[in-house]
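What follows is a single structure, written as structure tokens, with notes after it.
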Amino acid sequence: MHYGTAPGPAGSSFDGAAARRLRDGLRLTPEDVAYGMRAAYGMETDARTVAAWEAGAATPDERQLAALAGALWCSVSDLLGRPATLREYRMARGVPRSDVALRIGMDPAAYARIEDTGVWTGNARQAEALAGMLRLPVPALIEFTGRGAELAAVLRKAATTRWQAHVTPVCALVPLPRAAVEEGLRTLHTGYQSTTAASLGWGQPASAGSRDAGRTYLEEVVQHFWRAVGA
């Protein structure tokens, strides 16, 4: 899965079908939901907007999403699919930006820029605090904190050369037990070698097919590593 930023409303993971199911389960009409959002949360909206969210023709912004969840007697996470952005993980936890910034020791404006631009400007301690607060999976943490490209470069070396030499560099980037990293790199190296060898005839030089297979494997090396370590 790819993680990144999602400029705009609630992000790509808003689940309109889930909103519809929850509304139907409560035996409410779109008019009822819109009224609940206005009356309880002061959120001006109408039935057509609610219907558009459910149909996937539009998505609510963060404040609208919180009000919608309240009107449907559910949590924000119930209205989101699998989060793919830092903003969506925060929204799924129901935490305001200002609270995240306070907890990780970052200026609120600086944290807001990170969500909006996808450029991590914090330090390692702040990254660890962010992961704990938002319960980020390790792959998401690595990408959100700008270490994805560096990890990919090390993993490509591990796949194509002696993998044992790259255990420590990977451990420095990835918060996983050393044993898990070792097993992941061993699996990665074996997978790459098997992929290229499968395209070769006995005693034959590397063919275009083997080079293409190897190139494709290395382009997806981070995904192969996450699968190998079960992340």
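The values are calculated or read from the model by the stated rules, or taken from the named source; none is laboratory data. Every value quoted in this text rests on a predicted model; they were computed, and no experiment measured them. Positions of Cβ are backbone-derived with ideal geometry, glycine not excepted, and every protein chain shown enters the neighbour counts. Protein only, heavy atoms only, side chains kept; ligands, DNA and RNA dropped before computing areas. Shrake-Rupley method; radii C 1.70, N 1.55, O 1.52, S 1.80 Å.
Tell me the mean residue ellipticity at 222 nm calculated for the chain from its helices only (DSSP H runs of n ≥ 4, each -39500 (n - 2.57), averaged over every residue, nearest 500). Walk me through the intermediate numbers first.
Working: 14 runs with 146 residues, N = 231.
The helix contribution divided over the chain gives -19000 deg cm²/dmol.
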For segment 55-63, Karplus-derived ³J(HN,Hα) couplings (6.51, -1.76, 1.60; θ = phi - 60°; whole Hz; x for glycine and proline) come out as 7, x, 7, 8, 10, x, 7, 4, 5
Between segment 176-198 and segment 71-120, how far is it from one alpha carbon centroid to the other, in angstrom?
34
Given H placed on each backbone N at 1.01 Å, which residues far from residue 14 in sequence or on other chains put an amide H within less than 5 Å of it?
81
Residue by residue, what Karplus-based ³J(HN,Hα) values in Hz, rounded to whole numbers, does segment 81-87 have, using 6.51, -1.76 and 1.60 with θ = phi - 60° and x for Gly and Pro?
x, 6, x, 10, 10, 4, 4
How big is the chain on each of its three principal axes, counting only the C-alpha atoms and giving the largest first in Å?
75, 41, 27
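Averaged per residue, what accessible surface does segment 1-160 expose to a 1.4 Å probe, in Å²?
Working: 7930 Å² over 160 residues.
Solvent-accessible surface per residue comes out at 50 Å².
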If one builds a Gaussian network model of the chain from Cα atoms under 10 Å apart, the most fluctuating residue listed among 151, 188, 28 is 28
7 Å from Cα along Cα→Cβ at both residue 173 and residue 74: what's the point-to-point distance in nm?
3.8
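Around residue 78, what is the net charge, scoring Lys/Arg as +1 and Asp/Glu as -1 over all other residues with Cβ under 10 Å from its Cβ? Could you put the intermediate results ahead of the total?
Numbers: positive: 21; negative: 15.
My count for the surroundings of residue 78 gives 0.
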